[in-house]
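Input: a single structure, listed below in structure tokens.
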């Protein structure tokens with residue numbers, strides 16, 4: 001799509017998802033999504049859709065984006081998109097980037113997130129038949145591919161699409177850095193980074209790094225207040241399962257009543273568990289982060305020591321230019337020839 005047409009599409013989507021005449025249809029797709037994936041509670045779906053609306057359906061934000069990224073491809077290419085399904089509409093960023101770059105989006109939906117993505121695709125198609133977007137089952141004849149999956153599937157994708165330009169994303173997670181200067185409000189904001197979407201996203205904090213001699217009681221006192229996550233059956237089951245596992249295996253841990261805290265050198269914690277990692281110095285912390293950078297999506301903290309660092313409470317508020325895995329998707333898409 002040309003830039004002017006793309007901006008009109010964004011304006012159309014902004015209007016589409018606020019029109020009362022579309023409310024019944026939107027609610028139907030939300031109901032389908034709840035039945036499709038047991039993790040997708042109504043609260044989670046609406047939270048994700050509100051984030052999509054605020055972050056990606058803002059014409060001014062895209063105008064600013066195009067000022068920094070003025071190029072489009074001279075000839076449209078077929079770009080295969082294998083979308084993730086851990087959160088509702090988590091693949092919308094790749095779809096919009098593909099259209100904004102002037103390419104055609106050939107989308108393979110995740111079985112875990114069909115309904116909400118289908119809602120967005122149908123909304124785009126209602127804008128006009130010339131929107132270069134298509135749902136597919138097999139990625140054959142693609143000029144390029146952007147695929148998101150697990151570490152296992154990512155290795156398979158890298159091999160299968162080795163002969164064409166590609167971006168392959170694997171498992172990632174996020175961490176938080178506490179240095180002892182935080183306020184109680186900072187900890188409440190950090191709780192959002194931990195509990196939003198029940199901890200399912202790659203931008204959710206799964207490990208909190210604290211100074212070696214730091215007493216984490218003030219942090220725990222805040223985290224234990226967020227009992228709403230236990231209202232979700234699957235989160236509650238995960239929490240109870242790992243609690244039983246820790247007790248049976250006599251694994252030292254802190255039980256906050258809604259979250260288990262385990263001191264660990266690992267990075268990716270299961271749902272219902274957050275790892276605590278103590279660091280002896282800023283240098284030791286920096287070395288650990290450098291060694292783990294291939295697995296870290298973003299870093300939450302009060303300092304701005306890292307490129308992918310955000311403030312407390314901001315991990316789930318990515319902007320248009322916050323590219324997954326630190327790879328500029330738009331630059332990749334506009335480099336296709």
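Test of understanding: what is the full-extension gain from residue 60 to residue 31, defined as 0.36 nm times their sequence separation minus their Cα-Cα distance?
7.3 nm
Determine, at each q value in 0.08 (inverse angstroms), the log₁₀ of I(q)/I(0) that the Debye formula gives when each Cα of the chain is one equal point scatterer.
Log10 I(q)/I(0), no solvent term: -0.41.
What's the exposure ranking of 299, 164, going from fewest to most Cβ atoms within 10 Å?
Values: 299 22, 164 15.
With the sparsest Cβ surroundings first, the list reads 164, 299.
Can you compute the helix-only [θ] at 222 nm over the chain? Use -39500 (n - 2.57) per DSSP H run of at least 4 residues, normalise by all residues, nearest 500 deg cm²/dmol.
The helix-only estimate for the chain comes to -12500 deg cm²/dmol at 222 nm.
How many nm separate the modelled label positions at residue 263 and residue 280, each set 7 Å beyond the Cα in the direction of the Cβ?
Label-label distance for residue 263 and residue 280, simple model: 1.4 nm.
Would you calculate the separation in nanometres between label points at residue 317 and residue 138, each defined as 7 Å from the Cα along the Cα-to-beta-carbon direction?
4.6 nm
Between helix 42-56 and the chain, what is the angle of the helix's C-alpha long axis to the longest principal axis, kept within 0 to 90° and rounded to the nearest 10?
60 degrees
Report the residues of the range 102-131 in range of a label on residue 19: point 7 Å along Cα→C-beta, backbone N strictly under 18 Å from it.
118-131
If a/c stays under 1.5 just call it rounded; otherwise compare a/b with b/c (prolate if a/b is bigger, oblate if not). Do that for the range 3-171, with a ≥ b ≥ c from the square roots of the Cα gyration tensor eigenvalues.
Here the range 3-171 falls in the oblate category.
Helix 184-195: angle to the longest alpha-carbon principal axis of the chain, degrees 0 to 90, nearest 10?
For helix 184-195, the angle is close to 60 degrees.
How far apart, in nm, are two points set 7 Å out from the Cα along the Cα-to-Cβ line at residue 307 and at residue 2?
Here the modelled spin labels are 3.5 nm apart.
Under a no-solvent Debye model with one identical scatterer per Cα of the range 95-216, what's log10 I(q)/I(0) at q = 0.15 Å⁻¹?
Calculated log10 I(q)/I(0) at the listed q: -0.87.
Angle check, please: helix 23-36 long axis (alpha carbons) against the longest principal axis of the chain (alpha carbons), in degrees 0 to 90, nearest 10.
Once rounded, the angle reads 50 degrees.
Treat the count of other C-beta atoms within 10 Å as a stand-in for reagent exposure and order 200, 190 from fewest to most.
200, 190
Rank these for me by crowding, 29, 332, going from fewest to most other beta carbons within 10 Å.
Result, fewest neighbours first: 332, 29.
Coordinate-derived values only; no laboratory data. What you are looking at is a predicted structure, and each value in this text was computed from that prediction instead of being measured. Cβ atoms come from the backbone with ideal geometry, glycine included; neighbour counts cover every protein chain shown.
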